[in-house]
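Data first, discussion second: the structure below is written as structure tokens.
The values are calculated or read from the model by the stated rules, or taken from the named source; none is laboratory data. Since the model is a prediction, treat every value here as computed from it, not as a measurement. Every residue, glycine as well, gets a Cβ built from its backbone with ideal geometry; the counts of neighbours run over all protein chains shown. All accessible areas refer to the heavy atoms of the entire protein, side chains included, with ligands and DNA or RNA removed. Shrake-Rupley method; radii C 1.70, N 1.55, O 1.52, S 1.80 Å.
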Amino acid sequence: MHYRSITDLADMLQHNLHRLPRDTDLVVGLPEGGMLAANILCLLANVPMADLESFLAGRSFSVGRTKLDPATGAPAPQRVVAIAVTEEGVAHARARLEAAGLDVTLVAAYGPVPDLPEADLVLETLPEPRIFQWSFMQHPVLEQACVDIDGVLCLDPTQAENDDGAAYLQFLASARPLYRPTRRIGTLVTSRLEKYRSGTEAWLAARGISYGRLVMLDLPSQAERIRLGAHGSFKAEVYRQSEAPLFIESENRQARRIAELSGKPVLCLESHRLLTAGMLSAEQTAAQPGQPALRMAKALARGLLGPSRVASLKRKFAR
């Protein structure tokens with residue numbers, strides 16, 4: 001699974017700005033996330049933008065003066081770039097733009113391969129499955145995923161609210177919603193204690209949040225939960241034993257723990273990264289000075305030169 005954040009999108013558009021037609025003077029945002037990409041792109045290129053419906057109706061969000069044809073004094077033809085996040089958005093718009101007789105450069109920010117019949121330009125190759133920060137709560141994977149509650153579906157309780165008593169009961173009833181899913185969630189996995197199930201279920205029902213299972217931590221008290229420090233390991237074990245392809249966790253430390261123990265990907269909303277056990281292991285190796293790097297260099301040398309050539313060089317420099 002691949003993940004891209006809003007920061008990733010902005011950086012990618014910045015680095016690909018030179019690939020757009022040099023005389024672009026209007027950016028059109030297409031469906032399937034294209035308005036976000038268009039907003040960023042028009043700011044980077046310093047040109048006006050429009051949504052697809054407005055553009056087809058001959059309207060745009062104008063900035064500054066309209067370009068004029070020096071020969072006639074009439075508005076000059078526009079060089080238009082229409083952008084969607086994925087190839088699906090481009091495909092949906094192409095027929096309508098062609099039917100209107102409009103000459104538009106169609107851009108897919110991300111595509112499964114570098115060249116697509118739907119798009120004139122693909123900015124970054126990004127194979128399926130893929131998930132984006134701006135639409136993860138709409139993604140079909142949500143229906144099979146494990147999802148945390150506090151910090152994801154609602155704000156975390158404050159220290160004062162998290163008293164395992166009357167204040168916490170009030171929090172359960174009035175927790176402020178955060179990310180709002182538009183799909184049924186496969187499994188909710190939370191470190192909330194089992195004794196708070198009824199309050200949790202009531203809050204979820206009141207917000208219209210649909211889910212398959214609700215798995216809670218079966219311990220007698222918050223003090224016992226803190227003593228055991230079982231937040232990440234509990235979630236990891238539920239995730240590991242499930243067929244879920246993704247865990248969505250709010251807190252970075254727990255997300256790393258879940259990824260390490262489960263061996264499966266975790267979307268961390270604190271860092272906006274998709275964490276995997278392999279990635280975390282590579283980061284640990286890279287952080288260790290000296291020996292790991294030396295071992296990697298030796299392995300590379302053996303691969304390039306072959307064992308016999310490496311042995312010969314060792315004998316030569318040992319003299």
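Annotation: of all residues in segment 171-187 being farther than 21 Å from SER135 by Cα and among the hydrophobic types (A, V, I, L, M, F, W, C), the one that is most open to solvent (accessible area, probe 1.4 Å) is ALA173. Against the conditions (1) within 19 Å of ARG256 (Cα to Cα); (2) surrounded by fewer than 18 Cβ atoms within 10 Å (Cβ to Cβ); (3) modelled with pLDDT of 95 or more, where does GLY229 fall short? Just the number, please. The failed condition is (3). Scanning segment 1-41 for residues that are surrounded by 15 or more Cβ atoms within 10 Å (Cβ to Cβ), more than 22 Å from the chain's Cα centre (by Cα) and free of Cβ contacts under 8 Å to residues at least 60 places away in the same chain yields ASP25, LEU26, VAL27. Of the residues making up segment 141-150, none is over 18 Å from ALA255 (Cβ atoms), in the same structural domain as ARG273 (by the TED database) and open to solvent by less than 70 Å² (accessible area, probe 1.4 Å). Looking across segment 188-226, the residues that are hydroxyl-bearing (Ser, Thr, Tyr), within 23 Å of GLY165 (Cβ to Cβ) and either outside the structural domain of LEU172 (by the TED database) or surrounded by fewer than 17 Cβ atoms within 10 Å (Cβ to Cβ) (or both) come down to SER198, SER221. Comparison of THR200, THR158, THR190 shows that the only residue that is out of contact with any Ser or Thr (no Cβ under 9 Å at 6 or more places or on another chain) and among the hydroxyl-bearing types (Ser, Thr, Tyr) is THR158. The single residue among GLU118, GLU161, GLU124 that is surrounded by 13 or more Cβ atoms within 10 Å (Cβ to Cβ) and assigned by the TED database to the domain that holds LEU274 turns out to be GLU161. In segment 152-201, what residues are closer than 17 Å to MET216 by Cα, assigned to a loop (DSSP other than H, G, I, E, B) and within 30 Å of the chain's Cα centre (by Cα)? VAL152, LEU153, ASP156, PRO157, ASN162, listed by residue number. Taken together, the residues in segment 235-267 that are part of a helix (DSSP H, G or I), open to solvent by 20 Å² or more (accessible area, probe 1.4 Å) and closer than 19 Å to ILE185 by Cα amount to 4.
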